[in-house]
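Values quoted throughout were computed directly from the atomic coordinates according to the rules given, and no laboratory measurement underlies them. Keep in mind that what you see is a predicted model, and the values were worked out from it rather than measured. Here Cβ is always computed from backbone atoms with ideal geometry, including for glycine, and neighbour counts include all displayed protein chains.
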Amino acid sequence: MSSELPDYYFRVRENGAAVFRIDTENRQRRIEMDQIAIANIRNGEIKPQGDRVLSEEDIDRITTWMAERKEVLAHRDMDDIHRAVDYLNLTTQWVQSKATDDQLENVTDALLLAMHDLRSTLVRKKSDRMASG
């Protein structure tokens with residue numbers, strides 16, 4: 001761990017983060033984390049904690065973090081989808097080469113419904129894109 005701590009810490013939450021200002025400039029040289037805001041990346045809202053007034057630097061740092069976090073989450077979403085394609089391929093291979101009749105009986109209906117739903121949605125979305133493009 002480096003000896004230089006950041007000025008802000010973002011405790012990730014489902015829709016954003018709790019934002020803390022880091023302070024080590026105290027008598028005991030302890031790390032103090034003062035919660036200053038809640039950031040919501042879904043709606044872009046930044047709520048100061050208590051009666052706190054956020055500085056321009058606070059707001060700049062929080063909005064920068066929010067933009068970076070959105071990029072990370074978007075990248076993860078795409079990675080998850082590519083993994084889903086891999087899982088579908090692995091599932092096909094499992095069905096073809098390893099699955100027992102009992103195992104197939106256990107998963108076939110759920111897989112067929114999920115694949116039908118996915119296919120229907122993909123076809124509808126592609127049709128919409130083709131019609132608008």
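The calculated FRET efficiency for the pair H75 and V107, based on their C-beta separation and a Förster distance of 25 Å, comes to about 0.25.
With contacts taken as Cα pairs under 8 Å at a separation of at least 6 residues, the chain carries a relative contact order of 11 percent. Dipole magnitude for the chain: about 220 debye, using +1 per Lys or Arg Cβ and -1 per Asp or Glu Cβ, origin at the Cα centre. Under 5 Å from the amide H of E45 lie the amide H atoms of N40, each residue being 5 or more positions distant or on a separate chain, with H modelled from the backbone and absent for Pro and chain starts. Looking only at region 57-71, which residues have a backbone nitrogen under 18 Å from a spot 7 Å from the Cα of Q49 in the C-beta direction? It comes to 57-63, 65-66, nothing else.
Quick one: P(r) of the chain from all Cα-Cα pairs, 10 Å bins, percents rounded to integers, in order of increasing distance. Going out from 0 Å in 10 Å bins, the chain shows 10, 24, 20, 17, 16, 11, 2 percent.
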